[in-house]
Structures are given as structure tokens and as C-alpha cells.
Amino acid sequence: MADNAAPFHPSPRLSADDAPLKALLLPFDDGALAWPPEGQVVFLRARDGWPLRQYPLAGLRCEQGFKPLADGLRAAGLEVQPGLDQAGAASLVLVLPPRQRDEAQALLARAVAMAAPGARVVAAVANDEGARSRERDLQQLAGLAGTLAKFHCRVFWTPPLHDAHDPALLQRWRRADAPRPILDGRYRSRPGVFAWDRIDSASALLAAHLPADLCGRGADLGAGWGYLADAVLERAPGVAAMDLYEAEARALELARANLARHAGRVALGFHWHDVAGGLPGDGYDFIVSNPPFHAHDRGDRPELGQRFIEVAARSLRRGGRLLLVANRHLPYEATLARMFSRRRVLAEGGGFKVFEATGD
């Protein structure tokens, strides 16, 4: 729709100072632990970075469900999948647990289950992301042989494993982040995805002001577990096709389930995709978005939302519409003015604004 924006060059997927990753490798750096000379090393919630490159990586298998980080691992020549399903085969399991408790406990339980007899699990967490709690979790589950504190993080590891201390606890934690019904059973979600057990206020405001005359082929950028796309299909019977783009694989799986009831009348596409890199197609009649403005490390990244606007503008047909909701304080209006010839505010409330933008 517009071509007057400077080319976008994605920022590095991983900071040169990834403190949890540095902490995770610290026991191997200082000789407290030995890197396995052979066998398979599994890295859950893996991220690429120079601390990892100091070790032989031929047997490394990475699990990463966040597309930008998965792309970074793949670009480095590492084997990566959004989900690994194996038990008792790894000579070493490395883990960077997330902030959300249920998801983190389930990940630690999976890590213990993946460890071969005599293998260890090593985990690292930033202090302000729940390091002490996750350390206690792993101790309760499998025992601890050591812990170190550095880089405002904690790294902790098990003794050589032959079983979990509490098999019942392991199974309970493995189920802790399983998909489940929410909102009186209307949707399915799971801990760890954005607004996992509720409709966030920004999306609710946009959904309440979606035009009923949306029609043709549409897309949802940053679709999450599918609420906005479902709201579009409920409100606008003229929509014939809908593509959902989402960087978090766990959320996209949920969106597929949550939109299944529309599959008989609408062509649905589900894309595990980093929107910041552009879309594989264009010619959309409309796009809806509640764009992210935090990076994977929870740092503020308002340029992500600005990039979503640029990508939407280039992916719409002439006269196509962007429906966008954003925190009122974010610097999006200048980007909308640069990329679209016509703009208006459809609604304001709760610290958010809903914009409609069209262009030539």
C-alpha cells in the first residue's frame, strides 16, 4: 500500500549480553560440570549466543517455540523444533525456564523425564524472573547438586539422575500447563501464552469496534490463541478467508482449535511466523492486530508495533483497512500517518486506542 518507508533490518535475535544464557553455561566454564563428550544434549527454551558456541554442538537438539529465536538458532546451523517429544535419551538437558510458574514447572518436569540414566538437568533463571522459586522446584523434583549466582541470575543443577524424587509430582507438573477450557468453555488456552486465561482489555476494545462490513480476505497479525480472529468471523459474515500469523507456536496450536468451528465456511490459514520479517503474501482486504510491544526478555520494544504497521501497509490491497489497537502512550500515530493516507480513531478506553487506517 505504501513504499515510502526505509527498509527494515531486524535487530539481533539475541543480545550480546544474554545473562541467563551466560549463567547457564557458567558451571561448564569454571569446571564444576563437564560437557558430555558424546551423546545427545537437549536445550529447552533454547537461545543462540556466544556462550553456547564454546562447546561441541554436533549432538545438540534445541526446542524453541518462539519463531524469532528459533530462526536465530536455525540460522546458526543448529537443529531446532518447536516441540521435542522424547524420554530418557539425553546425556545433558539444559533449560531456560520461563517466568510463568505452571509452564516453568512443566518444563522442568519434562527436562527430568528427558534425562538418560546418569544425566543431569541444568537450569538458569534471572533473579527477577523467579530464580529462587525455580531452584526450589528443581530441588523438590530431582534434588540439587550445585548452584551458582552471577549476572543477576542463578544457575542450578541436579546430581546424576536415575529417577525423579517424586514421580507423582513429576506427572502433576507435566500436566500443569496442558490446554484447558477457559471462559465457560468457549475457548481453550494454556498457561504461558499471552493473556492465557482471559480476554485482554486491548483486544476486547478492538473486538467491540470491529466493523461488521469486513469482507473478503483478512489477516490477524500476532493472533495469539485466536480471540480477535474469532471475533472477526463472528461479527463479519462477509469474510471468506482468514490468515493467522503468530510467533509463539504454543499459542498458534490453540488458535487452530479455537477457530475450528469456522473451518466449514471460511478458508483458514495458520502460520508460525515472525511478522517483523514481513508476510509471505499480500493483497489482504483487511488486517486486524493487537501487536506486541515487549521482546522475549520482557524489555519494551515499541518498534515491534511500528513494524507491524509497516508490514500491514505493504500487505493490504489498495483501499484495504488496518484495524489496530494499542496502548495510548505508544508512538504509533506517526507511523500510521507515514504509511496510510487516511486514519481515524474508532474508540478510546482503558488506556488504549483503536485505529482504522486505509490508503491508496
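Give the residue that is nearest to LEU210 (Cα to Cα), with candidates limited to residues of the stretch 247-269 that are touching a residue at least 40 places away in the same chain (Cβ under 8 Å) and open to solvent by less than 50 Å² (accessible area, probe 1.4 Å). Filtering first and then ranking leaves ASN258. Within the stretch 103-128, residues that are over 24 Å from PRO51 (Cα atoms) have Cβ atoms under 9 Å from residues that are polar (S, T, N, Q) and part of a helix (DSSP H, G or I) in these pairs: ALA109/GLN171, counting only partners at least 6 apart in sequence or on another chain. Only residues that are among the basic types (Lys, Arg) and open to solvent by 60 Å² or more (accessible area, probe 1.4 Å) were counted in the stretch 65-84, giving 1.
Got at least one residue in the stretch 328-336 being hydroxyl-bearing (Ser, Thr, Tyr), surrounded by 17 or more Cβ atoms within 10 Å (Cβ to Cβ) and under 25 Å from the mean Cα position of the chain (by Cα)? Talk me through it step by step, then tell me what you get.
Residues of the stretch 328-336 that are hydroxyl-bearing (Ser, Thr, Tyr), as a first pass: 332, 335.
Filter again for surrounded by 17 or more Cβ atoms within 10 Å (Cβ to Cβ), leaving 332, 335.
Cutting the leftovers down to under 25 Å from the mean Cα position of the chain (by Cα) gives us 332, 335.
Yes: one or more hits.
Filter the stretch 30-64 for residues that are in a helix (DSSP H, G or I) and surrounded by fewer than 16 Cβ atoms within 10 Å (Cβ to Cβ) and give the result.
Quick first cut of the stretch 30-64, residues in a helix (DSSP H, G or I) only: 52-54.
Across the stretch 30-64, the qualifying residues are ARG53, GLN54.
Annotation: MET242 fulfils all but one of (1) within 22 Å of HIS273 (Cα to Cα); (2) touching a helix residue (DSSP H, G or I) at 6+ places or on another chain (Cβ under 9 Å); (3) in contact (Cβ under 8 Å) with a residue 60 or more places away in the chain; the unmet one is (3). Of all residues in the stretch 76-91, those that are in a loop (DSSP other than H, G, I, E, B) have Cβ atoms under 9 Å from Cβ atoms of residues that are aromatic (Phe, Trp, Tyr), 6 or more apart or on another chain, in LEU78/PHE43; PRO82/PHE66; PRO82/TRP272. Kindly indicate whether any position in the stretch 292-311 is in contact with a Leu (Cβ under 9 Å, 6 or more places away or on another chain), more than 21 Å from ASP200 (Cα to Cα) and at pLDDT 95 or above. Yes - at least one qualifying residue is present in the stretch 292-311.
I need every pair where a residue in the stretch 334-360 that is at positive phi has its Cβ under 7 Å from the Cβ of a residue that is assigned to a strand (DSSP E or B), sequence separation at least 6 or different chains. Matching pairs, first to second residue: GLY351/ASN327. Restricting ALA202, ALA212 to those that are among the small types (Gly, Ala, Ser) and more than 20 Å from the chain's Cα centre (by Cα) reduces the list to ALA212. Whether a residue is hydrophobic (A, V, I, L, M, F, W, C) and touching a strand residue (DSSP E or B) at 6+ places or on another chain (Cβ under 8 Å) was assessed, and LEU84 passes this test. In the condition set (1) over 18 Å from the mean Cα position of the chain (by Cα); (2) under 28 Å from GLY83 (Cα atoms); (3) of a type outside the set (Asp, Glu), VAL275 is compliant with all but (1). Please find, within the stretch 85-122, the residue that is surrounded by the fewest Cβ atoms within 10 Å (Cβ to Cβ) out of those that are under 23 Å from the mean Cα position of the chain (by Cα) and basic (Lys, Arg). Among those that are under 23 Å from the mean Cα position of the chain (by Cα) and basic (Lys, Arg), it is ARG99. If you go through the stretch 33-84 and keep only what is under 22 Å from the mean Cα position of the chain (by Cα), closer than 23 Å to VAL155 by Cα and of a type in the set (S, T, N, Q), you end up with just GLN64.
The values are calculated or read from the model by the stated rules, or taken from the named source; none is laboratory data. The structure displayed is predicted, hence computed values, not measured ones. For neighbour counting, all protein chains shown are included, and Cβ atoms are generated from backbone atoms with ideal geometry for every residue, glycine included. In case anyone asks, the SASA skips ligands and DNA or RNA and just uses the protein heavy atoms, side chains included. Shrake-Rupley method; radii C 1.70, N 1.55, O 1.52, S 1.80 Å.
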